[in-house]
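The values are calculated or read from the model by the stated rules, or taken from the named source; none is laboratory data. Everything quoted here is computed from the prediction, not taken from an experiment. Cβ placement follows ideal geometry from the backbone for every residue including glycine, while neighbour counts extend to all protein chains displayed. Each accessible area value is taken on the protein alone, full model and side chains, heavy atoms only, with ligands, DNA and RNA left out. Shrake-Rupley method; radii C 1.70, N 1.55, O 1.52, S 1.80 Å.
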Amino acid sequence: MVRPEEHTQMIASSRVCAGSGCIDSAGASPAPVSAEAPGSRPHEEHESASSRAGCQKPAQDGRERSESGNRGLNFVIDADIRRFFDSIDQGKLMGLVEERVCDRRVLKLLRQWLEAGVLEDGSIRETLAGTPQGGVISPLLANIYLNALDRAWHAEAQHLGILVRYCDDFVVLCRTASAAKAAHKRVQDILTRLGLELHSEKTRAVDLRRGRESFDFLGCTVRKRRSILKAPHLHFMQRWPSARAMQRLRERVHELTAVSGNTACDVMDLITALNPVLRGWGKYFATGNADEKFNHIDSYVHQRVKRWLWRRGGQRRRSRAWCWPSDRLHAMGLYRLQGTVRYPSQASLRRPSVSRVPEIGTHGLTGGPAVPASNRARRP
């Protein structure tokens, strides 16, 4: 039996690896483990097209890779695994962990974690399969289990398309409808070997050509839209916060700005409570095409703060709301989402730093001295 005080030291000194890198117990992604690392086995590294576990920002990387429709991958399999966390085979999971971890203390601790059971209504329910959904280690174990999907896809079906996966959420992007159909069957075959199955109702094929359909991935709605100004005859991939992500943020803002049960004494306390929520949500979606959605959220937050001020005012007249314009609240420190969007590099054309027009060839894009008129007159 491992003593409780040893748990933290054991986990801190060992790393459980998945994909092309390794993930430590805190969820961070340090450098790949070498063959000489204590507690781990040597392995052969390969760069999988489906996931890069060593990526510093894996969620952002997954969202950007889902925009591969700009490279002609217009047919997408939006996959959903039926009861994923409850269907994981614990024996196969431990076998995958043992491929990379040889420290028997860590392996024993993981087995105890899986077999601990679930406390429901005062009684402990034994867990013979799956991982504890909601547990701090479940996302890591799920990523290790589906690493077998990444390997099989890389070895057997890479020619069909690109598999983009983050934990148990993944999509397959293909060039043709026939390739998408074959990819759907291949994914199902691989998952069957792992004891999993696709959800027949939630898994669907998406046609992205000319903006016909869209899909949601990692909280973003991904769809093709026309480039009105640059190339109206072309469609480019864009992404913005999904309807579900917008609704969840509105519910959180509504909860923080409610009068009943609110501990805020003045508007500064309310701003202090709202800013971490708005800033974190905005940073997550800031690398897409979220200008319109961000403006909607700014307007909603402004309305909710004004309503809170009016209801806190008791018998004051409604017309006093004009005393609190959005600029005043933002000047007091309320976080503004508008203007924080940073487009991916694929979404904007790179312009030259110097103008190619001979007459103004020295000014670039930021202004500068022009060619004198006398010199322009002597040009052939």
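Annotations for the structure displayed:
- For the range 104-218, the square roots a ≥ b ≥ c of the C-alpha gyration tensor eigenvalues yield an a/c of 1.5 or more together with a/b exceeding b/c, which makes the shape prolate.
- Stretch gain in nm, segment ASP327-LYS181, where the contour uses 0.36 nm per residue and the Cα spacing is subtracted: 47.3 nm
- Shape category assigned to the range 227-318 from the gyration tensor of Cα positions, a/c cut at 1.5: prolate
- Extending 7 Å from Cα along the Cβ direction at ASP189 and again at SER299 yields two label points whose distance is 5.1 nm.
- Stretchable slack from ILE228 to ASP89, in nm (0.36 nm times residue separation minus alpha-carbon distance): 45.0 nm
- Applying 1/(1 + (r/R0)^6) with r as the Cβ-Cβ distance of CYS265 and SER200 and R0 = 51 angstrom yields a FRET efficiency of 0.45.
- Charge sum, other residues only, whose C-beta stays under 10 Å from GLU197's C-beta, Lys/Arg counted +1 and Asp/Glu -1: +2
- Note on LYS293: lysines with a C-alpha under 30 Å away, same-chain residues under 8 apart excluded, are LYS57, LYS202, LYS224, LYS230, LYS283, LYS306.
- Note on TYR343: accessible area approximately 110 square angstrom, rounded to 10, probe 1.4 Å, nucleic acids and ligands left out.
- Normalised by the number of residues in the range 146-193, the mean separation of alpha-carbon contacts (under 8 Å, six or more apart) gives a relative contact order of 35 percent.
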